[in-house]
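Undergrad: Please see the structure below; I have some questions.
The values are calculated or read from the model by the stated rules, or taken from the named source; none is laboratory data. As the structure is a computational prediction, the values presented were derived from the model and not from experiment. Cβ: placed from backbone, ideal geometry, glycine included. Neighbour counts: every protein chain shown.
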Amino acid sequence: MTEKRMLIIDAQVAKLIDDNRGDMSISEFLMLLINSQLKKEYNNSNNTANSNHVTKEEFHQFEQGIRELLRNFLEFFLSYGLELGKQNTEKELDKLGQKLQTLGFSTKSED
């Protein structure tokens, strides 16, 4: 059997606990709140990979990767169409070139 103690709290806090604890006992609810707060503080202080958030740097790297992938797809389809002997009009080539430039890359290979 566990030892029981009394905790004196304001009436407003007790009402808030009762309004939000659902089917949990007061002890279970308080333990859940304490554990979740401690876990949150631990994750924030250690900056672990368990976080569901990304940093600006991570998002920027992701964005650059997506742009590079799109550029590679456009260049592939452009060169694939030319290799098959498809007669692309100058207008179509300019349109694809503009799409590549809107992605922040030149139409020439950087290799």
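Undergrad: Can you tell me how many residues within the stretch 46-75 are modelled with pLDDT under 65 and surrounded by 12 or more Cβ atoms within 10 Å (Cβ to Cβ)?
TA: Summing the residues that are modelled with pLDDT under 65 and surrounded by 12 or more Cβ atoms within 10 Å (Cβ to Cβ) in the stretch 46-75 gives 1.
Undergrad: Scan the stretch 76-93 for residues that are part of a helix (DSSP H, G or I) and at pLDDT below 80 and jot them down. Steps first, please.
TA: Within the stretch 76-93, the subset part of a helix (DSSP H, G or I) is 76-83, 90-93.
Those that are part of a helix (DSSP H, G or I) and at pLDDT below 80: Phe77, Leu78, Ser79, Tyr80, Gly81, Leu82, Glu83, Glu90, Lys91, Glu92, Leu93.
Undergrad: I would also like to ask the following. How about the stretch 1-35: which of its residues are among the small types (Gly, Ala, Ser) and part of a helix (DSSP H, G or I)? Give the derivation first.
TA: Step one: list which residues in the stretch 1-35 are among the small types (Gly, Ala, Ser), which gives 11, 14, 22, 25, 27.
Residues satisfying the conditions are Ala11, Ala14, Ser27.
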